[in-house]
Amino acid sequence: MTRTFLAIVGVAYLALAVWCALKPGQTSNSVGLTLQRGSGQSEYLVVYGGLQLGLGLVFLWPLIQQDVTRPILVVCLLIHASLVLMRSISLVAFSGLQATTYVLAVVEWAILLGSLWRYFARV
């Protein structure tokens, strides 16, 4: 069950990586970022495309090597606890947030809660 959960998270990150890589203007606009030509585009591709790709692969890893499931679950939990913390601060600190920001917040919370559920279920 935990490997399936992590695989779903991994596929979601891979899909996000592809979307960010193929449609950087669309994805950046949906979260309120403006891409500057050159360095801005490069940084967005690396941080939003590359990092999402890496995370997706990490979360899929337990499908290939079962004994890494628990450590990868802990990684998932720590990453999403950090995201939820910072997202929660941003929701209080900033106004004028776009709908995508709220969707991402819900997804981040769902992954965090799912990670906690699987963690305490003892892989």
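Below is a table of values for the structure above.
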quantity	calculated
Surface/4 estimate of mean projected area, convex hull on alpha-carbon atoms of the range 2-120, nm²	7.6 nm²
Helical contribution to [θ] at 222 nm, DSSP H n ≥ 4, -39,500 (n - 2.57), averaged over the chain, rounded to 500	-25500 deg cm²/dmol
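Coordinate-derived values only; no laboratory data. Please read all numbers here as calculations on a predicted model, not as lab measurements.
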